[in-house]
Amino acid sequence: MLTAAAVCPHPPLLIPAAIGAAASDPPPALCAVRDACDLAVHALAAAEPGLIAVVGGGPADREYDAAAAGSLSEFGVPVTVGEGEPVLPLSLTVGRWLLGRAGIGAGARAPGHGPQALGHGPQVLLQAVDQRASADDCLKLGAAIAERAPRVALLAMGDASARRARDIEGAPDPPAQDYDDEVAEALAAADARWLGRLDPALDGELLVAGRAAWQVLAGAAAGARMCGRLRCMASPYGVTYLVASWEEPRAD
């Protein structure tokens, strides 16, 4: 059952080592996004889940062991997260890095692959979802993930529209802005039904990388009562980055 969730973006520059010499003085908007991601991931751990599932877009549906590694080499950045041959897509590479930054997942193994090496933390699942997947397929995957443990926390990795990044900086793009604003409102309201109705056809038109992961979250949250909070919305490079937290309502 889903008991907590977080939504974070996955730009390579979220990882300080990817910035190089500029890491000591990154743009304030990027710092705000990173800080919000840290808070969102720590909130997942505070929910005391038995399983933390990191879900992000990739070329195909695939489950990875929690110890799987990822690399930023395809972006010209000599940064590797984890040890061994890099196999993770960008979304899960950044997601794995965020968990490690919060002290989650060191020595862990995915469900079905034995106990965690370090004993008492939550199990970790790294799940890629085909970025071209239909809404129905994403919702079904989310529902299946929510059934994997009595208490499941889900970290959905994905960027909103990047279309403004290819235009003149600061130029208006009403369709992209409207899309991002509506997703932000749905995340703030923990509105799983609204996320479930997102149109996959807009992914290519608006250059959206997060839709499939958000709809996996929607499937995991179906039937659950959640309270939402939008922690950050920023576009430091013409790409909209959204950070949000969902949690169970607090008992009075």
In debye, nearest 20: dipole of the range 1-106 around its Cα centre with unit charges on the Cβ of K, R (+) and D, E (-)? 140
Restricting to Cα pairs below 8 Å that are 6+ residues apart, what does the relative contact order work out to for the chain? Please round to a whole percent. 29
Simple label model, 7 Å out from Cα along Cβ direction - A46 to M1, nm: 2.1
Taking only complete DSSP H runs, can you tell me which helices of the chain stretch 18 Å or more along their own long axis by Cα positions and average at least 0.5 on the Kyte-Doolittle scale? 28-46
Tell me which of A251, A209, G238 sits at the most positive position along the dipole axis of the range 184-252, charges placed on C-beta atoms (Lys, Arg +1; Asp, Glu -1). A251
Between E147 and L39, what length comes free when the chain is fully extended (0.36 nm per residue of separation minus the Cα-Cα distance, one decimal in nm)? 36.3 nm
Alpha-carbon gyration tensor eigenvalues x 5, square-rooted, for the chain, Å: 25, 22, 17
accessible surface per residue for the range 175-227, probe 1.4 Å, DNA/RNA/ligands not counted, whole Å² -> 41
Distance in nm between pseudo-label sites at C227 and R197 (7 Å out along the Cβ direction from Cα): 2.6
E205 paired with R250, simple spin-label distance in nm, labels 7 Å along Cα-to-beta-carbon: 4.1
What FRET efficiency, computed as 1/(1 + (r/R0)^6) with R0 = 25 Å and r the Cβ-Cβ distance, is obtained for D178 and D130, rounded to the nearest 0.05? 0.45
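The values are calculated or read from the model by the stated rules, or taken from the named source; none is laboratory data. Bear in mind the structure is a predicted one, so any value in this text is a computation, not a measurement. With ideal geometry, Cβ positions are generated from the backbone for all residues, glycine too; neighbour counts draw on all protein chains shown. Note: accessible area is taken over every heavy atom of the protein model, side chains too, but ligands, DNA and RNA are not part of it. Shrake-Rupley method; radii C 1.70, N 1.55, O 1.52, S 1.80 Å.
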